[in-house]
Amino acid sequence: MMYSSSRVLAASAISVSSSNAEKDTKDLEASLNHLLHLHNHNSLSPRHRAEKAKNDAIMKAERVSELLVESVNGEVQDSFINQERIEYEIRTLASTITNFMKQTDQWFASTHALNTAVKEIGDFENWMKVMEYECKSITAAIQNIHQE
């Protein structure tokens, strides 16, 4: 059987168009894959930038936190050192007060002893005056008796 030229032409056009269709399908698939790849890459880029910005923000927040802690710790450390100095001064003053109390007690005991001694001297002086008066009285009585 013989094929007519129009049939052969139509068959070759169909085979060419089917090969073109396959080629177009492959080109379309490649284009879609390329577009998908670009879309994924472009969508990853903002995610990557957002992740990088997030990490930078976290690092900066950590640094700010460290600086604040250092600042507060410096003030706390100064306060702690001042507190230790104050406590040392308190202990020193307490020791000094204890020594002053002991010395005051000694002075009090000494003044009490001196006061007692002065009283005794005063009592002795008074006794001496009484004895002198009595001796004068006795002497006067004896002279009166002797003159009579």
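The values are calculated or read from the model by the stated rules, or taken from the named source; none is laboratory data. All figures in this text were calculated on a predicted structure; none of them were measured in a lab.
For segment 89-129, a residue qualifies if it is basic (Lys, Arg) and modelled with pLDDT of 95 or more, and the qualifying residues are 91, 102.
Does residue 57 meet the test of being of a type in the set (Gly, Ala, Ser), at pLDDT 95 or above and part of a helix (DSSP H, G or I)? Against the criterion (of a type in the set (Gly, Ala, Ser), at pLDDT 95 or above and part of a helix (DSSP H, G or I)), residue 57 does not qualify.
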